[in-house]
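Asker: Quick one: the structure is below, and I'll ask about it shortly.
No value in this document is a laboratory result; all are computed from the given coordinates. This one's a predicted model, so the numbers in the text were calculated from it and none came from an experiment. Cβ sites come from the backbone with ideal geometry, for glycine too, and all protein chains shown count toward neighbours.
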Amino acid sequence: MTSAAELRPIRTRAMCAFTRRVDKIVGSGAQPQRIATEVAGCLGELLTQPRVLAPAHLLPSPESYRQHLVYVDPGGRFSVVSLVWLPGQRTPIHNHRCWCVVGVLRGVEEEVRFDLDPRSRSLHRRDVVTNQAGSVSALVPPERDIHLVRNSGSTLAVSVHVYGADIGRLGSSIDTIYSPG
């Protein structure tokens, strides 16, 4: 049986302050690109805090990378999740349904970016970016947001993701999964 404490989201003091700041940014009515840029600045500051995530949001899964829902805005305007990766775990090649800001809290994450040829609908590998702890990136669809992410290090990797959607309702920010061929 699940207790009420297990159902209630667990947030650290640093995460509570962060979500209040994001609430103001999202509520400003700015365009998605500006929102993502401002949230990225706040996320960079959050990553310098000593206790960003509760221990429950740091647990990996042996099967695949694991998503933990950390916070959903009551109005569904944004969500915060942690993604926890054991070495070698990866996402499929995908794009997103909303703006997204990612900060690496621990370990190393490698992002392989792709371009989609509009005529042939085939993917072409554009570049590879290695993101160390403390790095933050933002993307706003549909601008060049097709990628896969993997833990390319030898230790646990943890990243904090802020999405411009209700991930509690949607389950994921992934819009389309692409075939690597």
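Asker: Around residue 148, what is the net charge, scoring Lys/Arg as +1 and Asp/Glu as -1 over all other residues with Cβ under 11 Å from its Cβ?
Answerer: Taking every Cβ under 11 Å from that of residue 148, the sum is +1.
Asker: Compute the long axis of helix 13-26 from its Cα atoms, compare it with the longest principal axis of the Cα atoms of the chain, and write down the angle in degrees, 0 to 90, nearest 10.
Answerer: 60 degrees
Asker: Sticking to Cα atoms, compute the Rg of the chain to one decimal and its Dmax as the biggest Cα-Cα distance, whole number, in Å.
Answerer: In order Rg, Dmax, the Cα atoms of the chain give 16.0, 53 Å.
Asker: So who's got an amide H within less than 5 Å of the one on residue 99, skipping anything under 5 residues away but keeping other chains? H placed 1.01 Å off N, in plane.
Answerer: Correct list: 164.
Asker: How many angstrom lie between the C-alpha centres of region 123-181 and region 7-49?
Answerer: One Cα centre to the other: 18 Å.
Asker: Here's another thing I want to ask about it. Give a residue-ordered list of calculated ³J(HN,Hα) values for region 44-55 (Karplus: 6.51 cos²θ - 1.76 cosθ + 1.60, θ = phi - 60°; whole Hz; x for Gly, Pro).
Answerer: Calculated HN-Hα couplings, in order: x, 5, 4, 5, 8, 6, x, 10, 7, 10, 6, x Hz.
Asker: Is there a quick way to get the dipole size of region 4-178? I mean about its Cα centre, with the Cβ of Lys and Arg at +1 and of Asp and Glu at -1; what is the value in debye to the nearest 20?
Answerer: 240 debye
Asker: Over region 97-181, what is the relative contact order in percent, taking alpha-carbon pairs closer than 8 angstrom and at least six residues apart?
Answerer: Reported relative contact order: 42 percent.
Asker: Continuing with this model, one more query. Per the helix-only calculation at 222 nm, which mean residue ellipticity applies to the chain, given -39500 (n - 2.57) for every DSSP H run of n ≥ 4 and division by its residues, nearest 500 deg cm²/dmol?
Answerer: -6000 deg cm²/dmol
Asker: Further question on the same structure: Return the long-range amide H neighbours of residue 105 (sequence gap of 5 or more, or a different chain), with a cut-off of under 5 Å between placed amide H atoms.
Answerer: Hits under the 5 Å cutoff: 134, 158, 159, 160.
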